[in-house]
Amino acid sequence: MTLRKAAGLGALLSLVTPGLAMAADEVVLNSGDTAWMLTATALVLFMTIPGLALFYGGMVRSKNILSVMMQCFAITGLISILWVIYGYSLAFDTTGMEQGVVNFNSFVGGFGKAFLYGLTVDSLTSAFPESVFITFQMTFAIITPALIVGAFAERMKFSAMLIFMAIWFTLVYAPIAHMVWSGNGGLMWDWGVLDFAGGTVVHINAGVAGLVACLVLGKRKGYPTTPMAPHNLGYTLVGAAMLWIGWFGFNAGSAVAANGTAGMAMLVTQIATAAAALGWMFAEWLTHGKPSALGIASGVVAGLVAITPAAGTVGPMGALIIGLAAGVLCFFSATSLKRKLGYDDSLDAFGVHGIGGIIGALLTGVFAAPALGGFGTVEDIASQVFIQFKGVAFTVIYTAVVTFVILKVLDLVIGLRVSEEEETVGLDLAQHNERGYNL
């Protein structure tokens, strides 16, 4: 009925949580797998700092560059600590879970691994240290809320941002990660949802949260009549290049081994990204008359996003189609759709990550089938696409509702938005008493 990734994240959970499929003393450390996972972990952290910080930093106005970069760095520190205190446990503790049984632990893990209880130097996940798996998953938890920053850039209080991210991580990210990746008994895992490296968990999750955030906060002062051009597209292109490179850790690392799945994930990631970059570029060229640097950088990210859920299951030609579809459709979402609906998604977090994640998640159900060059066991494509749709719909609804409630409560209690005067001056000075450029 469905394809389960043979060497992916969820397949390992029986080795790091109760209900062992293999006795711990039978697991032997593999130095090659360990070296690869250490490298992949560093690559994923590299995606947020400095990759995303530069990508977003170059797209805002010069008076807000430090605020965006500061948010990326602060989120990195905040989520790292929350992850080790309780986040890892909420996402990956499988106590009380049973395949085919829906209970509280189908939605979120317990606190059996809070404060990394039981972790030792010798603890293994499959053939590498559990400490490496914890850190690898931590980098996913870091970049997801950081992506949301792009939707409300240039107008949210730094203090409100920190509180929002802490609560959102707790109530949205950790439960979604648990439902998709925690193994037998996890809600979307039992449904058969395919998400190799984070189409639902990371990108749809962050994109939808970003859309809700920009709607709740409202438009930037002067939008859309006042020009708000990116102040340094050089930074954005460098950041996009760092994201492209780092994404090999994101996708190929999700094989959690130095094996053929990792190699194929690397190849299809490159193919889809290149196709999306060209798809966005040519769509913009035909529509607006000229291709832009911002456009090709955005196309790169759209392709990376779309191939993420499919990286461990689709073949090269499937990746090519997914990339092209993401490049073209995300271009129209971030331009025509945004203008038509009138929302101020500052740096197109929803237009690229939300839409790209949805495209990738749905097309995974198509191109994971061996009949279309995939490497899984999907026999009924229509059935798998419906399962993928259920996963997308659940994630969209859950994330939207919980994010909205969090933001509205915070707005009532402490206020979300800076004053008009602070917005005019810029968040660098108003929130941090610094300037990005002192001339």
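The values are calculated or read from the model by the stated rules, or taken from the named source; none is laboratory data. All values reported here derive from a predicted model rather than from experimental measurement. Positions of Cβ are backbone-derived with ideal geometry, glycine not excepted, and every protein chain shown enters the neighbour counts. Heavy atoms of the whole protein, side chains included, go into the accessibility calculation; ligands, DNA and RNA do not. Shrake-Rupley method; radii C 1.70, N 1.55, O 1.52, S 1.80 Å.
Could you give log10 I(q)/I(0) at q = 0.06, 0.07 Å⁻¹ for the chain, computed by the Debye formula over C-alpha point scatterers of equal weight, without solvent?
With no solvent term, the Cα-only Debye profile gives -0.22, -0.31.
When the Karplus curve 6.51 cos²θ - 1.76 cosθ + 1.60 is applied with θ = phi - 60°, which whole-Hz ³J(HN,Hα) does each residue of the range 413-423 get, with x for Gly and Pro?
So the Karplus estimates, Gly and Pro as x, are 7, 10, x, 9, 10, 5, 6, 4, 5, 5, 5 Hz.
Roughly how many whole Å is it from the C-alpha centroid of the range 376-408 to that of the range 296-357?
17
Tell me which residues come under 5 Å, amide H to amide H, from residue 417 once H is placed; ignore anything under 5 positions away on its chain.
157
Gain in length, residue 162 to residue 420, computed as 0.36 nm per residue apart minus the alpha-carbon separation, to one decimal in nm?
On the way: separation 258, 0.36 × 258 = 92.88 nm, distance 2.05 nm.
This chain segment gains 90.8 nm when fully extended.
Roughly how many Å is it from the Cα centre of the range 250-275 to that of the range 131-154, as a whole number?
If you average the Cα positions of each part, the centres end up 20 Å apart.
What percentage of the solvent-accessible surface of the range 73-189, computed with a 1.4 Å probe over protein heavy atoms, is contributed by carbon and sulfur atoms? List each step's numbers first, then the result.
Working: 2470 of 3550 Å².
Reported share for carbon and sulfur atoms: 70 percent.
What ranking do 228-237, 359-368 get when scored by the average of other Cβ atoms within 10 Å per residue, highest first?
Details: 228-237: 17.0, 359-368: 27.5.
Ranking, from highest mean packing down: 359-368, 228-237.
Let me check against my output: what whole-number percent is the relative contact order of the range 158-231, with C-alpha pairs under 8 Å and at least 6 apart?
Rounded, it is 18 percent for the range 158-231.
Amide H to amide H, which residues 5 or more places from residue 124 or on other chains are under 5 Å from it, using H placed in the peptide plane?
Answer set, sorted by chain and number: 130.
Excluding residues on the same chain fewer than 8 positions from residue 63, give the lysines whose Cα lies under 26 Å from its Cα.
The qualifying lysines are 157, 219, 221, 338.
For the ranges 406-414, 101-109, 213-221, what's the packing order if you count other beta-carbon atoms within 10 Å of each residue, average per peptide, and put the highest first?
Working: 406-414: 15.1, 101-109: 16.8, 213-221: 18.9.
The most tightly packed comes first, giving 213-221, 101-109, 406-414.
How much accessible area per residue does the chain have, in Å², with a 1.4 Å probe? Mind dumping the intermediate values first?
Working: 16080 Å² over 439 residues.
That works out to 37 Å² for each residue.
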